[in-house]
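Just below is one structure, and these are the notes that go with it.
Derivation of every value follows stated rules applied to the coordinates shown; laboratory data play no part. No experiment lies behind these values; they were computed from the predicted model shown. Virtual Cβ from ideal backbone geometry, glycine too; neighbours counted across all protein chains shown.
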Amino acid sequence: MPQLQSHNDAHGPVQFDVGQVGLATQQPQSPGVKAMQRRRFSHSATLEERLVEFARRVRSDVETLAPCSERDELVEKLRQIETALDMNQFLISSGSNRE
């Protein structure tokens, strides 16, 4: 017998079937509510390539702006991108050393 848990979302009450491995699948209670579907797509570039391109665009924007709050926000965003690149590189290199 499935283990059911209830939850209220934007469309009303929803019951979740907690399966054998503890993953929840959404089961709408009312006939008008549709189950959420995952949007899947493939990227044509790697995460690193996308981050490098985004950093290039942000860096270009930072260079064109005079000192202001918008520029400060972009500088912070650039730091976040660089941190993400460092983390990605660390995870890639850690994965190859796990043998």
In Å, descending, principal axis extents of the Cα set of segment 47-96: 43, 15, 10
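So which trypsin sites (Lys or Arg not before Pro) in segment 33-75 are both in a DSSP loop and have at most 16 other Cβ atoms within 10 Å of their Cβ? Don't jump to the answer; show the numbers that get you there.
Working: sites: 34, 38, 39, 40, 50, 56, 57, 59, 71; in loops: 34, 38, 39, 40.
Within segment 33-75, the qualifying trypsin sites (Lys or Arg not before Pro) (loop, at most 16 other Cβ atoms within 10 Å) are 34, 38, 39, 40.
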